[in-house]
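Asker: What follows is a structure written as structure tokens; I'll ask about it next.
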Amino acid sequence: MTTVTMTVNGKSVTANVDPRTLLAQFVREHLRLTGTHVGCDTSQCGACVVHVDGRAVKSCTTLAVSCDGAAVTTIEGLANGAELHPMQAAFREHHGLQCGFCTPGMIMAAVDIVNRKGHVLDEHTIREELEGNICRCTGYHNIVKAVEAGARAMAPGAAAIAAE
Amino acid sequence: MYAFTYQRAKTVRQAAGLLAKNADAKLLAGGQTLLPTMKQRLASPSAVIDLGKVEGLAGIERKGRTVVIGAMTKHSDVATSAIVREAIPALAALADGIGDPAVRNRGTIGGSVANNDPSADYPAACLALGATIVTNKRKIPADAFFQGMFATALDEGEIIVKIAFPAASKASYAKFPNPASRYAMVGVFVAKRGSDVRVAVTGASSDGVFRWSAAEEALRARFNPKSLEGVSAKADGMIADIHGSAEYRAHLVGVMTKRAVTAALGK
């Protein structure tokens, strides 16, 4: 067993884990944060995407013990209390989901895209950047729309403009 | 995944020490190949030595006409590095095409080069640019480093510390990715420096990355895609699998080389 300490959604957690424990398993089974999903378990589908030190990674292909000292954000860490994160709100508004299984990973990947590429994203960029996230229901159309709108809504001052 | 002992190294020296004590141990860099392999039980090291906390292994610097990239530098950092984009834009573009964004945020150049997957991208860049692989023990020229599928010149207990890429006057990487895995079905890195031209091919040969000397010769005479007309790669020894036959890959080698040369000329 190995001791690991990390910050998950702003809270410090320490646990004694089997070194085999994947980050996805750690957040789901040890912390009961089941919003992070495991789809393919082979680092292809992206349902397990979380942020480690501000970068989107596939938590099914990361050891929990490797994240010692890291700051991890899962889908549960995005919303501000009852108020959805702008990217979550955009997925709801544009119906960027059907069964919803891929949605947590999609949203975590989408926030990462905005962090890297800014608030104005064209369709081509979004489709390319979502390469590592697979949805088997929707055909991506509404997901792309949601990401575009969510990106704009994440811009500083966007909420104020929307409220006017 | 089978059980293993987890060891966290703080220095390269310490990692080398741990590795020397256990021939069955594996180094963990970004884990984007090692962990899936362990999950499939294709690898079952008794110990995993994590390089994630080793100081000084990540980073990019320019030394004259050479770009030096630390072994633990992530693909996304190579792709977005101002230094790499300015000095060797083809290398930044290659890094930007590995896997997907989340994989690029974790996978490292040292891990990719040490693994020498026959379909990995970085080995082609190393070979075509004439990179030097710097380990904790010595400096290995790329020409001597890659020794066949998953085989390298690395000795037991030897750890890649950094890789030095001399800039080229013209360079480009053309990749035909497998639509599902994004691994190169065929990837060709072409580099021109003075009158020298090097063409490195990945994804195609069952011996792993190789230099295509016939194309190099033709391109040294004149660096133009037209020089490649009538030059064809042999299907002998090419990978044949459900994604493509040996003949198909051999044909793709020619096509991707022409595309790489065209792109290197800025056309």
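The values are calculated or read from the model by the stated rules, or taken from the named source; none is laboratory data. Since the model is a prediction, treat every value here as computed from it, not as a measurement. Every residue, glycine as well, gets a Cβ built from its backbone with ideal geometry; the counts of neighbours run over all protein chains shown. Accessible surface is based on the protein model in full, side chains and every heavy atom, while ligands, DNA and RNA are left aside. Shrake-Rupley method; radii C 1.70, N 1.55, O 1.52, S 1.80 Å.
Asker: Could you rank A:Tyr140, B:Tyr122, B:Tyr248 by how accessible they are, 1.4 Å probe, largest area first?
Answerer: On the way: A:Tyr140 55, B:Tyr122 0, B:Tyr248 95 Å².
Ranking A:Tyr140, B:Tyr122, B:Tyr248 by accessible area, largest first, yields B:Tyr248, A:Tyr140, B:Tyr122.
Asker: Report the one residue of A:Ala71, A:Ala109, A:Gly39 whose Cα lies farthest in the direction of the positive end of the charge dipole of region A:37-164 (charges on C-beta: Lys and Arg +1, Asp and Glu -1; origin at the Cα centre).
Answerer: Farthest along the dipole direction, towards plus: A:Gly39.
Asker: State whether chain B is rounded, prolate or oblate according to the following rule on the C-alpha gyration tensor (a ≥ b ≥ c being the square roots of its eigenvalues): a/c under 1.5 gives rounded; otherwise a/b larger than b/c gives prolate, and the remaining case gives oblate.
Answerer: prolate
Asker: Based on the Cβ-Cβ distance from B:Asn136 to A:Ala15, what FRET efficiency comes out when R0 is 35 Å, to the nearest 0.05? Display every interim value, and only then the final one.
Answerer: Numbers: r = 33 Å, r/R0 = 0.94.
Calculated value: 0.60.
Asker: Still on this structure, I have one more. At a 1.4 Å probe radius, which order do B:Cys126, A:Cys137, A:Cys45 fall into by accessible area, largest first?
Answerer: Numbers: B:Cys126 0, A:Cys137 55, A:Cys45 20 Å².
The ranking, largest first, comes out as A:Cys137, A:Cys45, B:Cys126.
Asker: What distance in nm lies between label points placed 7 Å from Cα along the C-beta direction at B:Ala151 and A:Thr42?
Answerer: 2.8 nm
Asker: By a straight-distance test (C-alpha under 28 Å), which lysines pair with B:Lys139 as possible cross-link partners, with residues fewer than eight away in the same chain excluded?
Answerer: Reachable lysines: B:Lys10, B:Lys21, B:Lys26, B:Lys53, B:Lys63, B:Lys74, B:Lys162, B:Lys170, B:Lys192.
Asker: Would you mind calculating the relative contact order of region B:60-166 from Cα pairs under 8 angstrom and at least 6 residues apart, reporting the percent as a whole number? Before the final figure, lay out each step's value.
Answerer: Numbers: 190 pairs, mean separation 31.1, N = 107.
In percent, rounded to a whole number, it is 29.
Asker: Along the Cα-to-C-beta direction of B:Val255, a point sits 7 Å from the Cα; which residues of region B:203-232 have their amide N less than 18 Å from that point?
Answerer: B:203-205, B:225-226, B:228-232
Asker: Below 13 angstrom from the Cβ of B:Lys139, what's the summed charge of the other residues (Lys, Arg +1; Asp, Glu -1)?
Answerer: Values: positive: B:Lys137, B:Arg138, B:Lys162; negative: B:Asp143, B:Glu158.
Net local charge, B:Lys139 excluded: +1.
Asker: For chain B, what does -39500 (n - 2.57) per DSSP helix run (n ≥ 4), summed and divided by total residues, give at 222 nm, in deg cm²/dmol to the nearest 500? Mind showing how you got there, number by number?
Answerer: Details: 11 runs with 87 residues, N = 267.
Computed mean residue ellipticity for chain B: -8500 deg cm²/dmol.
Asker: Here's another thing I want to ask about it. Could you check which residue among B:Pro101, B:Pro166, B:Pro225 shows the biggest mean-square fluctuation in a GNM of chain B with a 10 Å Cα cutoff?
Answerer: Between B:Pro101, B:Pro166, B:Pro225, it is B:Pro101 that shows the largest mean-square fluctuation.
Asker: Where a ≥ b ≥ c are the square roots of the eigenvalues of the C-alpha gyration tensor, would you call region B:143-267 rounded, which needs a/c under 1.5, or, failing that, prolate if a/b is larger than b/c, or oblate? Intermediate results must be reported in sequence, preceding the final value.
Answerer: Details: a/c = 1.73, a/b = 1.12, b/c = 1.54.
It is oblate, given that a/c is not under 1.5 and a/b is not larger than b/c.
Asker: With just the Cα atoms defining each centre, how far is region B:19-48 from region B:133-165? Give it in Å.
Answerer: So the separation of the two Cα centres works out to 18 Å.
Asker: Out of A:Arg127, A:Arg92, A:Arg32, any idea which swings most in a Gaussian network model of chain A, alpha carbons joined below 10 Å?
Answerer: With Cα springs under 10 Å in chain A, the top fluctuation among A:Arg127, A:Arg92, A:Arg32 is at A:Arg32.
Asker: Now for a different question. Could you work out which residue, out of B:His251, B:His75, B:His243, moves most in a Gaussian network model of chain B, that is, has the largest mean-square fluctuation with Cα springs under 10 Å?
Answerer: Highest fluctuation of the listed residues: B:His243.
Asker: Could you give the nm distance between label points at B:Asn22 and B:Glu86, where each point is 7 Å from its Cα heading toward the beta carbon?
Answerer: Modelled inter-label distance: 4.4 nm.
Asker: Which of the aspartates and glutamates could a cross-linker bridge to A:Lys145, judged by Cα under 17 Å and excluding same-chain residues fewer than eight apart?
Answerer: Filter leaves A:Glu93, A:Asp112, A:Asp122, A:Glu123, A:Glu128, A:Glu129, A:Glu131.
Asker: Let's test the formula: R0 of 60 Å, r as the Cβ-Cβ distance of B:Ala235 and A:Thr5. What FRET efficiency results, to the nearest 0.05? List each step's numbers first, then the result.
Answerer: Numbers: r = 54 Å, r/R0 = 0.91.
The calculated FRET efficiency here is 0.65.
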